[in-house]
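**Q** Got a structure for you, written out below as structure tokens; questions coming shortly.
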Amino acid sequence: MSERRSKRQRKRLASRFVFFEIGRTAEIEAAVAAAVAARAGALLIGTGTLLFNNRVPIVESAARHAIPAMYTSRESVEAGGLVSYGASLPDAFHQAGLYAGRILKGEKPGDLPVIQSVKFDFMINLRTAKTLGLQFHPQLLATADEVIE
């Protein structure tokens, strides 16, 4: 590879991350609009109760601004989001139930081991991809736990 091409390629691959904090539902639209104004190529929506409970307004705002967004919960993709990858909530709830059972049987919570999520869900919404003019490689589609068509 030539030196000239290498520099150009490095410049193209350089990424800049900008964080927008959302503390209330009313701030969602302004945060997405600010990301678009900052020329973001995509959104990565974090975790937390506020973001999970407001997944529909977040998905709708991303759709209005025609910006791809990745989420941490499958519920966001079910609501029309593009892609999600994150810990399986049903599996986490199952693990919590097992812990509760052990505590109810007399084990001390401090003696229980810390368990990390072992099941992660990867979902793709092809309807949303089509709306955004995006296509996914067939191999990536094959690795998804679920594809919404």
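**Q** Please identify, among F93, F122, F20, the residue showing maximal mean-square fluctuation in a Gaussian network model of the chain using a 10 angstrom Cα cutoff.
**A** F93
**Q** When the chain is treated as a GNM, springs tying every alpha-carbon pair under 10 Å, which of T128, T72, T47 comes out with the largest mean-square fluctuation?
**A** Its mean-square fluctuation being the largest, the pick is T47.
**Q** Label the stretch 19-95 by shape, choosing from rounded, prolate and oblate, from the square roots a ≥ b ≥ c of the eigenvalues of the Cα gyration tensor; if a/c is under 1.5 it is rounded, and otherwise prolate applies when a/b is larger than b/c, oblate when it is not.
**A** Here the stretch 19-95 falls in the prolate category.
**Q** Counting only residues 5 or more places away or on other chains, whose amide H sits under 5 Å from the amide H of G86 once H atoms are built in the peptide plane?
**A** D121
**Q** Oh, and also: What order do you get for S15, S76, S61 when you list them from fewest to most C-beta neighbours inside 10 Å?
**A** Ranking S15, S76, S61 by Cβ neighbours within 10 Å, fewest first, gives S15, S61, S76.
**Q** Mind pulling the angle between the C-alpha long axis of helix 55-64 and the longest principal axis of the chain? Nearest 10 degrees, somewhere in 0 to 90.
**A** So the inclination is approximately 10 degrees.
**Q** Next up: Using only the alpha-carbon atoms of the stretch 83-122 as identical scatterers, what base-10 log of I(q)/I(0) does the Debye formula give at q = 0.22, 0.28, 0.34, 0.35 Å⁻¹?
**A** Rounded to two decimals, the profile gives -0.71, -0.93, -1.12, -1.15.
**Q** To continue, here is another question. Viscosity 1.567 mPa s, temperature 4 °C: what is the translational diffusion coefficient of the stretch 85-148 from Stokes-Einstein with a Kirkwood Rh over Cα pairs, rounded to a whole number of µm²/s?
**A** 90 µm²/s
**Q** Further, regarding this structure: Angle between the Cα long axis of helix 28-37 and the longest principal axis of the chain, 0 to 90 degrees, nearest 10?
**A** Value to nearest ten degrees: 30.
**Q** Given N residues in the chain, what is Rg(Cα) / (2.2 N^0.38 Å)?
**A** 1.32
**Q** Taking amide hydrogens as modeled 1.01 Å from N in the peptide plane, which residues meet the under 5 Å criterion relative to A69, leaving out close sequence neighbours?
**A** Hits under the 5 Å cutoff: L43, L82, V83.
**Q** How would K108, K119 line up from fewest to most surrounding beta-carbon atoms within 10 angstrom?
**A** Listed from fewest to most nearby Cβ atoms, that is K108, K119.
Only the coordinates and a few stated rules stand behind these numbers; no lab work does. Note that the structure is predicted; figures quoted are calculated from it, not measured. Reconstructed Cβ throughout: ideal geometry from the backbone, glycine too, with neighbour counts over all protein chains shown.
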